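A quick write-up on the structure given underneath.
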Amino acid sequence: MAEASVHNHLLCFHCGEVCPTGNITAEDKHFCCEGCKMVYQLLNKSGLCDYYSLNDKPGLNQRIPVRKDKFAFLGDEAIQRKLITFSNDQQTHITFYLPQVHCSSCLYLLENLHRLQPAVISATVNFTRKEISIIYDHNKLSLQKLAELLTSIGYEPYISLQNLQNHKPGVKRSLIYQLGVAGFCFANIMLLSFPEYLGLEAAEILLQGIFRWLNVLLALPVFFYSAWPFYESGWKGLRHKFLNIDAPIALAIIVTFSRSLYEVISGTGAGYFDSMTGIVFFMLVGRVLQDKTYQQLSFERDFTSYFPVAATLVKDGKETPVSLPDIKAGDTLLIHSNELIPADGICTRGKACIDYSFVTGESLPVNKEMGEMVYAGGKQTGSAIEILVIKEVAQSYLTRLWSADAFKKNNEPKSISFVHLLSRYFTYILFTIAASAAVYWAFTDSSKVWNVITAVLIVACPCALLLSNTFTNGNILRILGRNKLYMRNAQAIEDMAGITHIVFDKTGTLTTTAQQEIDYKGLTLSKHQQQAIASLAAQSSHPLSRALAAYFGIIKRLPVEEFHEIPGRGIEGMVGDDWISLGSHQFIVGTPGSAGRAGEVYVAIDDKLYGHFSFHNHYRESAAPLLKTLASRYRLSVLSGDNPTERKTLQQMTGNDASLLFNQQPADKLQYIKKLQNGGERVMMIGDGLNDAGALKQSNVGIALTDDCNNFTPASDAIMEAGQLRNLYRFIRLCRANKQIVIASFILSILYNIVGLSFAVQGLLSPMIAAILMPASSLSILLVTFGSSNIAAKLFRF
Amino acid sequence: MSAIVILLIASISVAAIFLAAFIWSVRNGQYDDDFSPPQRILFDNKPSATNNNE
């Protein structure tokens, strides 16, 4: 909005949105709606107005009230038991996910919950996870009332079916502990090894023994505890007959430790404990960097975190909440406005107007009459309806998608990193060198054979390769994360670098559902008439009405009288002296429209037809330039659940080589990806909704696009903020640079290895040389990877 | 020589204390949320403090 127009309007003291009328006030503060005013009064009464002084207008818009009995299902014992974490005679502990938490004001208000409701004993917010842990006295306050209290101040808890099924896995911290232990032991061993490097006088031979045995003692936890991830992963690989990079590393650690132990026991030397612990420490640092996780994001979501916990069951004229898994075929469910349909069924009462955009990709709501089939996953946008369930939740059309093959092979990695293959060659060469050195020494000086073999294995483990890989990956992940592309893991970087075909979803990905393009055709509307139409449209919650109201922008709303909404057809009402009707062709003209398209709204003023508004998909501004850039470099496809009305526009954007497919069901999308893969393509899929879930999972790299990272996103390899779509090609280039950096730093490390090996094959590798080589190579690799990945990022203007 | 041994014991035990502190702080969840604690300290009435006063 232009700056000037905002100044002419009052902004709501609570949520900062424009007040449509200036007459909702309390204590000379203006509010946009009664909801916001109520929250203010509640906070004011309890002396919590610091909420407003910490941040300017921190509140959340309360214009759309939450249905009164929405949390009635929390009264159900069985549901309650699954949600609460702890309970005894006096208190209950529960954790809610509050997606609305966004600033310090939220924190202040939520942690002062006990001042609003004395039965709350304590409330602690975890800001990163957007969770609140509440301890309350269940004798004085029910769970339902608690949820309603949070809702009343603007923080509606998000409770989904997933909450019932399993609790979140705890954060894995073992790697951090292993790192801590390794760091401690490494530093102390380094310190204790100094006398050895510098040489001790003969008189201090006792001291030497103490130092050596202390080193053994300190190396034990590193060998048995900190290095564990390498043994585990190496062994896992071998069991699957796959030689990964961790196997030679584990071998090197074991060899180094055994030889060092032998040297200390036999009194022949000090061993290489310092090098061994050092390398374990650095490799663990790399691992920790690479395994960065985004706590607030989840890459594993399925439909259960999109579906609600409970629905309203109608039986013998009574409404009772029922938890979703307990819904049976034959039940009658009451679906309120803006609620999700939990199971496939037949509409038995009321007019359904169902928004399937998230599920199938159709951009406009679909009208369903009584007796028609409605599918699970759609959102009812009209008034309440009743449906007769014909399939249980797990059997429904949408949920069945998750039993498809793509979702079964869940945990197996999709591809193998080139690092493992590189390390394999490396290992073969290494064994050859070790063997030939052994043969040479067997003839020259057989006492030195074991000495040389172990020295070669110690020097030349591919730890440098692992280091350069993990450090580069870790840094690239961070750079991408700063630019709002959140990768599930490091493998996704490599997969992204190697793609050959990019598949886009249309609705919600190339287009945005938040905005629609509207054309008006017909008689010219005067300023006053526009105002009247906007005022009327603002009364309805139908998506087209809301889009229309938004289209006219901020103009002063007029009072509307005798407002009627005929679900699925249109709205009408008296604005000033004019009787305005908005709706379908059928509703306004009386005959079915010629085009029969849902995307047209006709307008009549005082029963005189003025014209119609037609609604088009609004493409993201970045979509056209992005597709143009990509079209010359990759094969492109666009899959849409929508009808082919947009074919022409799309073909223009993607160029003639791209394949465009319309009316695609979720299963079709999955099949299409499979077909491409069978043709030897490596596919990147970019989608946003549940309808893309199968395709995202099947593709080599699935990127879920979202306007708000707190929203539901289907399972994927990466989550990207919608605004970053324009940068997609630069992201791909950065991922490609990743591999080059790893290889470059690997070559550098080979130089160190050659130096080390030249000592080792001669049987001259002293602990001193190892102790210099090890940190020198590790640190320079670290510098090279960090430096060059940052330079690459600069080059691509991140 | 005994001085060195004492110093050794002292230095390793100091380092061990730091290791223990590190592990404790991780286990305690101090790195889980880096936003709330610095904000919380700025609020006039700490939640627990008001509980006791009222």
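The values are calculated or read from the model by the stated rules, or taken from the named source; none is laboratory data. None of the values given here were measured: they were computed from a predicted structure. With ideal geometry, Cβ positions are generated from the backbone for all residues, glycine too; neighbour counts draw on all protein chains shown.
What to note about this one:
- Residues of the stretch A:370-388 satisfying the condition of being over 20 Å from A:Ile327 (Cβ atoms) and either among the hydroxyl-bearing types (Ser, Thr, Tyr) or without any contact (Cβ under 8 Å) to a residue 60 or more places away in the chain (or both): A:Met370, A:Gly371, A:Thr381, A:Ser383
- Among the candidates A:Asn643, A:Asn656, the residue that is more than 26 Å from the chain's Cα centre (by Cα) and loosely packed, with under 15 Cβ neighbours inside 10 Å is uniquely A:Asn656.
- Selection status of A:Ile750, more than 18 Å from the chain's Cα centre (by Cα), part of a helix (DSSP H, G or I) and at pLDDT 85 or above: no
- Note on the stretch A:88-136: residues that are β-branched (Val, Ile, Thr), within 12 Å of chain B (Cβ to nearest Cβ) and either in a loop (DSSP other than H, G, I, E, B) or without any contact (Cβ under 8 Å) to a residue 40 or more places away in the chain (or both) total 7.
- Residue that is surrounded by the most Cβ atoms within 10 Å (Cβ to Cβ), among those in the stretch A:268-297 that are over 27 Å from the mean Cα position of the chain (by Cα) and of a type in the set (Val, Ile, Thr): A:Thr277
- Some residue of the stretch A:666-678 being in a loop (DSSP other than H, G, I, E, B) and either farther than 20 Å from A:Asp302 by Cβ or touching a helix residue (DSSP H, G or I) at 6+ places or on another chain (Cβ under 8 Å) (or both): no
- So A:Ala182, is it under 29 Å from B:Gln30 (Cβ atoms), surrounded by 22 or more Cβ atoms within 10 Å (Cβ to Cβ) and either within 14 Å of chain B (Cβ to nearest Cβ) or touching an Asp or Glu at 6+ places or on another chain (Cβ under 7 Å) (or both): yes
- Subset of the stretch A:530-566 that is at pLDDT below 80 and among the β-branched types (Val, Ile, Thr) - its residue that is nearest to A:His616 (Cα to Cα): A:Ile554
- Checked against the criteria, A:Val589 does not count as touching a helix residue (DSSP H, G or I) at 6+ places or on another chain (Cβ under 9 Å) and either modelled with pLDDT under 85 or within 20 Å of A:Leu523 (Cα to Cα) (or both).
- Selected residue (criterion: nearest to A:Gly267 (Cα to Cα)) from residues of the stretch A:196-223 that are in a helix (DSSP H, G or I) and small (Gly, Ala, Ser): A:Gly209
- In the stretch A:323-377, the residues that are among the acidic types (Asp, Glu) and over 29 Å from the mean Cα position of the chain (by Cα): A:Asp326, A:Asp331, A:Glu369, A:Glu372
- Contact annotation: residue pairs with Cβ atoms under 7 Å, 6 or more positions apart or on different chains, pairing a residue in the stretch A:621-649 that is closer than 16 Å to A:Arg733 by Cβ with a partner that is part of a strand (DSSP E or B), are A:Leu630/A:Ile502; A:Leu630/A:Leu636; A:Tyr634/A:His501; A:Tyr634/A:Ile502.
- Scan of the stretch A:268-292 for residues that are out of contact with any Cys (no Cβ under 8 Å at 6 or more places or on another chain), farther than 19 Å from A:Thr785 by Cβ and touching a residue at least 12 places away in the same chain (Cβ under 8 Å), ordered by number: A:Gly269, A:Ala270, A:Gly271, A:Tyr272, A:Phe273, A:Asp274, A:Ser275, A:Met276
- Residue within the stretch A:700-719 that is over 30 Å from A:Glu263 (Cα atoms), part of a helix (DSSP H, G or I) and not polar (S, T, N, Q) present: no
- Of the residues screened, A:Ile64 is one that is within 34 Å of the chain's Cα centre (by Cα) and modelled with pLDDT under 80.
- Considering only residues in the stretch A:199-214 that are away from chain B (no Cβ under 11 Å) and within 53 Å of the chain's Cα centre (by Cα), the one that is surrounded by the fewest Cβ atoms within 10 Å (Cβ to Cβ) turns out to be A:Trp213.
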